[in-house]
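The values are calculated or read from the model by the stated rules, or taken from the named source; none is laboratory data. In this text the structure is predicted, and so the values were computed from the model without any measurement. All Cβ positions, even for glycine, are placed from backbone atoms using ideal geometry, and neighbour counts span all protein chains on display. The protein model used for the area step is the full one, side chains on, heavy atoms only, and it has no ligands, DNA or RNA in it. Shrake-Rupley method; radii C 1.70, N 1.55, O 1.52, S 1.80 Å.
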Amino acid sequence: KELTPKIQKWIVDLDQGGGDTQFLAKGRPSALKIVGKGSAPKGQLVLEGSKLSGVAHFPLETLDTGISLRNEHMKKKYLETEKFPEAK
């Protein structure tokens with residue numbers, strides 16, 4: 001009988017799927033909550049046993065909070081999407 005458990009390896013290819021990226025930002029006062037969405041992440045994740053590795057990325061310019069002026073401030077002032085167009 002084998003005493004050591006077999007380590008399973010799972011590979012998730014994010015380029016093959018759909019979906020989206022979502023975020024929740026809470027401000028001060030805590031009553032301020034902003035929910036936003038962006039395009040689906042791309043990349044590949046590998047889970048081997050309890051070890052996760054890989055890279056996921058998505059374009060920050062696709063993030064949308066539902067209010068155009070807030071989107072503009074978020075992208076230009078806080079995320080600086082011109083300098084940093086992608087999140088990894």
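Take region 2-88 with all the other protein chains still there, run a 1.4 Å probe, and you get 80 Å² of accessible area per residue. A Förster radius of 30 Å combined with the Cβ-Cβ distance from Lys77 to Leu24 puts the calculated FRET efficiency at roughly 0.95.
Between Ala56, Ala25, Ala40, the residue with the greatest mean-square fluctuation in the GNM of the chain (Cα pairs under 10 Å linked by springs) is Ala25. What pairs from Lys9/Lys51; Lys37/Lys75; Lys6/Lys88; Lys42/Lys76; Lys42/Lys77; Lys33/Lys75 go past 19 Å between their alpha carbons? Table pairs above 19 Å Cα-Cα are Lys6/Lys88; Lys42/Lys76; Lys42/Lys77. Distances between placed amide hydrogens fall under 5 Å for Ala40 paired with Thr21, all partners being 5 or more residues away or on another chain. Split the accessible area of the chain by element, probe 1.4 Å, and carbon with sulfur accounts for 57%.
Given the options Lys37, Lys77, Lys51, which has the most mean-square fluctuation in a GNM of the chain, springs set between C-alpha atoms less than 10 angstrom apart? Highest fluctuation of the listed residues: Lys51.
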